[in-house]
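One structure is given below, encoded as structure tokens.
The values are calculated or read from the model by the stated rules, or taken from the named source; none is laboratory data. Just so it is clear, the model here is predicted, and its values are computed rather than measured. Using ideal geometry, Cβ is built from the backbone for each residue, glycine included, and neighbour counts are taken over all protein chains shown.
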């Protein structure tokens with residue numbers, strides 16, 4: 001998903017628009033996680049970027065998406081850019097410091 005979300009609407013209040021954006025993002029993530037994994041993959045990982053515009057977008061973690069949307073609302077931005085790309089991920093074994 002590569003999309004510029006508008007936070008202004010002639011008939012809706014900004015908090016309702018923000019809720020709709022968060023719901024759309026959550027729905028997209030659930031849909032991507034339901035897809036079948038390729039061989040050798042353990043889970044779906046996501047590359048995320050957020051910014052005021054596409055050119056200013058910076059890499060963020062998937063858990064920080066709602067925080068950045070709330071920040072855009074508090075800054076009274078007219079719109080923001082959000083990019084979420086799914087990729088297969090492989091779990092890494094944790095290294096115990098006691099074993100070394």
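Looking only at region 79-100, which residues are over 18 Å from residue 29 (Cβ atoms) and at pLDDT 95 or above? Give the derivation first.
Here is the first cut: in region 79-100, the ones over 18 Å from residue 29 (Cβ atoms) are 79, 90-100.
Selection gives 79 alone.
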Inset, instruction - Look through region 50-68, keep the residues that are in contact with a helix residue (DSSP H, G or I) (Cβ under 8 Å, 6 or more places away or on another chain) and farther than 12 Å from residue 4 by Cα, and return whichever of them is surrounded by the most Cβ atoms within 10 Å (Cβ to Cβ). - result: 65
Legend entry - Pairs, first on the phi < 0 side of the Ramachandran plot and surrounded by 11 or more Cβ atoms within 10 Å (Cβ to Cβ) in region 31-49, second in a loop (DSSP other than H, G, I, E, B) and at pLDDT 95 or above, C-beta under 6 Å, six or more apart: 49/57
